[in-house]
Amino acid sequence: MKVVECVKVSYRPELMHALVWNVEQYPQFVPSCVNVEVISGDADVRVTRFDFEKKGLTYSLTTKNTKDFP
């Protein structure tokens, strides 16, 4: 399943890209995110698994992000 979502924000694109790329910090500010594991990656592409816990449920989400900064 592929999910694509567009959201307009009032921040500069380079700041948003830096935020997305800094996955190791997600548990500090993403609600219910309890663990992040970079499964594979290099300087330009990252496959990351995010683990979430909420109301007794545990689930994971895996993403592939490209470091395609403006």
From the option list 20, 4, single residue qualifying as in contact (Cβ under 8 Å) with a residue 12 or more places away in the chain and of a type outside the set (Lys, Arg) is 20
Can you tell me which residues in the range 7-17 are without any contact (Cβ under 8 Å) to a residue 40 or more places away in the chain and surrounded by 13 or more Cβ atoms within 10 Å (Cβ to Cβ)?
16
Could you check residue 51 against (1) without any contact (Cβ under 8 Å) to a residue 12 or more places away in the chain; (2) of a type in the set (D, E, K, R); (3) surrounded by 10 or more Cβ atoms within 10 Å (Cβ to Cβ) and say which number it fails?
(1)
Could you tell me whether the range 56-65 includes any residue that is touching a helix residue (DSSP H, G or I) at 6+ places or on another chain (Cβ under 8 Å), in a strand (DSSP E or B), of a type in the set (Ser, Thr, Tyr) and surrounded by 10 or more Cβ atoms within 10 Å (Cβ to Cβ)?
no
Mind checking which residues of the range 19-48 are in a strand (DSSP E or B) and either open to solvent by less than 70 Å² (accessible area, probe 1.4 Å) or in contact with a His (Cβ under 8 Å, 6 or more places away or on another chain) (or both)?
33, 35, 36, 38, 40, 41, 45, 46, 47, 48
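The values are calculated or read from the model by the stated rules, or taken from the named source; none is laboratory data. None of these values were measured; they are calculated from a predicted model. Cβ atoms come from the backbone with ideal geometry, glycine included; neighbour counts cover every protein chain shown. Surface accessibility is based on the protein's heavy atoms, side chains included, excluding ligands, DNA and RNA. Shrake-Rupley method; radii C 1.70, N 1.55, O 1.52, S 1.80 Å.
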